[in-house]
1. Out of Glu21, Glu63, I need the residue that is among the acidic types (Asp, Glu) and modelled with pLDDT of 90 or more. Which one?
2. Please go through (1) under 20 Å from Leu34 (Cα atoms); (2) at pLDDT 95 or above; (3) buried (at least 16 other Cβ atoms within 10 Å of the Cβ) for Gly150 and return the number of the only condition it doesn't satisfy.
3. Give just the number: which of (1) closer than 25 Å to Gly137 by Cβ; (2) surrounded by 14 or more Cβ atoms within 10 Å (Cβ to Cβ); (3) modelled with pLDDT of 95 or more does Glu40 not satisfy?
4. Here are some residues: Pro104, Pro94, Pro113. Which one is closer than 23 Å to Ser53 by Cα and out of contact with any Phe, Trp or Tyr (no Cβ under 7 Å at 6 or more places or on another chain)?
5. Where the second residue is crowded, with 19+ Cβ neighbours inside 10 Å and at pLDDT below 90 and the first is over 12 Å from Trp131 (Cβ atoms) and lies in the range 151-163, which pairs have Cβ atoms under 7 Å and are six or more apart or on separate chains?
6. With Lys78, Lys72 as the choices, which residue is among the basic types (Lys, Arg) and either touching a residue at least 60 places away in the same chain (Cβ under 8 Å) or surrounded by 15 or more Cβ atoms within 10 Å (Cβ to Cβ) (or both)?
7. Give me a count of the residues in the range 2-18 that are farther than 16 Å from Ala123 by Cα and either aromatic (Phe, Trp, Tyr) or at pLDDT 95 or above (or both).
8. Residues in the range 90-101: is at least one exposed (fewer than 14 other Cβ atoms within 10 Å of the Cβ) and either in contact with a Pro (Cβ under 9 Å, 6 or more places away or on another chain) or at pLDDT 95 or above (or both)?
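The values are calculated or read from the model by the stated rules, or taken from the named source; none is laboratory data. Computed from a prediction, not measured in an experiment: that's the story for all the values here. All Cβ positions, even for glycine, are placed from backbone atoms using ideal geometry, and neighbour counts span all protein chains on display.
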Amino acid sequence: MRLAYADPPYLGKSGRYDHPEASKWDDLENHRLLLECLDETYDGWAYSCLSTSLRLLLPAAPERARVAAWVKPWCAFKRNVRVAYSWEPVIFAPGRDRSADGAPVGRDHLSAPMEMRTGLVGAKPAAFCLWVADLLGFIQGDELVDLFPGTGVMERTLERRLL
């Protein structure tokens, strides 16, 4: 089964990244096109986004898509922001949606601390990677493509899981 995870620069936040193509992700249409491509190309997929952009992105998701929540028990508070951004939505369409097919039984939420001091804004912890794999129904023999590999944590985490 072909699965994918996408964690593009979040809508309107490209200035946080030192990458020549980061600014294209400030355009909502590019996010919509990516969601469309994910659904057409992969059996299952997951897509990280900001809670503030969920209402804009969800209409572009297919009917089979669901929303899961990564809750951060500790998060960075921002100056003059009264309500902290302590969770991130993950829009996903599972590749396997039945445990009878061998997929692990999981939850549509995860409570895990954010990753710190990785050198990349928005880097995800290993617990998040395992949770996303479970959301998708990932089992040994599947391919899970990380479309925005950043620190490479998804690949390293899945390699350790399969050992």
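1. Numbers: Glu21 fails: modelled with pLDDT of 90 or more.
None of the others qualify; the one that does is Glu63.
2. Unmet condition: (2).
3. Of (1) closer than 25 Å to Gly137 by Cβ; (2) surrounded by 14 or more Cβ atoms within 10 Å (Cβ to Cβ); (3) modelled with pLDDT of 95 or more, only one is false for Glu40: (2).
4. Pro94
5. From residues that are over 12 Å from Trp131 (Cβ atoms), the pairs are Val153/Lys124.
6. Only one candidate qualifies: Lys72.
7. Final tally of qualifying residues: 3.
8. Within the range 90-101, none of the residues are exposed (fewer than 14 other Cβ atoms within 10 Å of the Cβ) and either in contact with a Pro (Cβ under 9 Å, 6 or more places away or on another chain) or at pLDDT 95 or above (or both).
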